[in-house]
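The values are calculated or read from the model by the stated rules, or taken from the named source; none is laboratory data. In this text, all values refer to a predicted model and were calculated from it rather than measured experimentally. Reconstructed Cβ throughout: ideal geometry from the backbone, glycine too, with neighbour counts over all protein chains shown. Accessible surface is based on the protein model in full, side chains and every heavy atom, while ligands, DNA and RNA are left aside. Shrake-Rupley method; radii C 1.70, N 1.55, O 1.52, S 1.80 Å.
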Amino acid sequence: MRADCWGWSARIGILVIHNDAVPEAEMWAMAPPGVTLHSARFESPRRPGHDFGADAARAVAESPDVARGLEFFGQLELDVICLCFGSGSFLGGGDFDSAFTASASAMAGGTPVTTATMAMLDAMRAVDICRPLLVSPPWFTATSGVAAERFFADAGVEIAGTLRFDLGPGWRQLQTFEVYDRGGQRFVRPEEVYRQVRDAFPAAADGVLMPGSAFRSLEAVELLERDLDVPVVTSNQACLWHCLQLAGIHSVVTGCGRLFDHRLPGLHRRSAGRYQLSEKVVSDARR
């Protein structure tokens, strides 16, 4: 692994929008010893006071902030890079991930690149979730919320039910995009995530899926898995798991859900000791 010469087991780069502080906090909390996280920020393609525009995915793919971050990441010789912004993939549709990861890897000097949506799809396959309760944060707009449901349906996921997290009085009368603009992401409490998901969980569901990198939900994962007896996948949890798998790191991670007990399906070892995805898994993830 590239990181060995530095004395670390792996180094992971994450691309995060400029006004989201949750991915680093949750991923550092999960990271096993010897794994380091390095972030680069890019301006969100959504303007304050507005929903996402039709060109949001293209704005991410062509962002000068993203390009600059990838250039710097390439100089750091990271093991893997993850785009922690699922809305780009939701709005860009099925072809966004394959096009973005190929271009981004080239800009990062050949460093492997994955995305939050690729991570979540692989995570659901690993823990055998086929019919999840889809839990969206309260700031998912009409555009991004519908796009997320369509994205997962197109990937073959059968949504057993949907739940929009409720921040409570004072927030419900706002437009969805206003919730984020006014800092609603800072008022998400994991104990309330646990309560709302537990109470809304439908009998037909075989797991829980919580997209949204700014949606603080990690602390609710184990409680939900214990009480509902199903696996739970969140965006940041899946991103770290996916990056560790791609970097060939299988250290024990406790307190973060059943996902970390599983390997990424289709990985095979290269002679140099690193891992790569089989062509079938790459094709499935990009479909």
Fraction of accessible area attributable to carbon and sulfur, the chain (%, probe 1.4 Å): 50 percent
Geometric extent, Cα atoms of segment 1-90 - Rg, Dmax (angstrom): 14.4, 47
Computed lengthening from R195 to A54, 0.36 nm per intervening residue step minus Cα-Cα distance: 47.3 nm
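I'd like the projected area of segment 31-143, averaged over all directions, using the convex hull of its alpha carbons. Report it in nm² with one decimal.
8.4 nm²
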Separation of the W28 and D166 label points, Cα + 7 Å toward Cβ, nm: 3.4 nm
L174 versus T254: modelled label distance in nm, points set 7 Å from Cα along the beta carbon direction: 3.8 nm
Extension gain from S98 to A204, taking 0.36 nm per residue of separation minus the Cα-Cα distance: 35.0 nm
Length added when fully stretched, V146-I159, from 0.36 nm per residue minus Cα-Cα: 3.4 nm
Efficiency of FRET from Cβ geometry, D229 and W8, R₀ 41 Å, rounded to 0.05: 0.65
As computed over the chain, the Cα convex hull volume per residue (Å³): 113 Å³
Shape of segment 104-160, Cα gyration tensor, a/c cut at 1.5: oblate
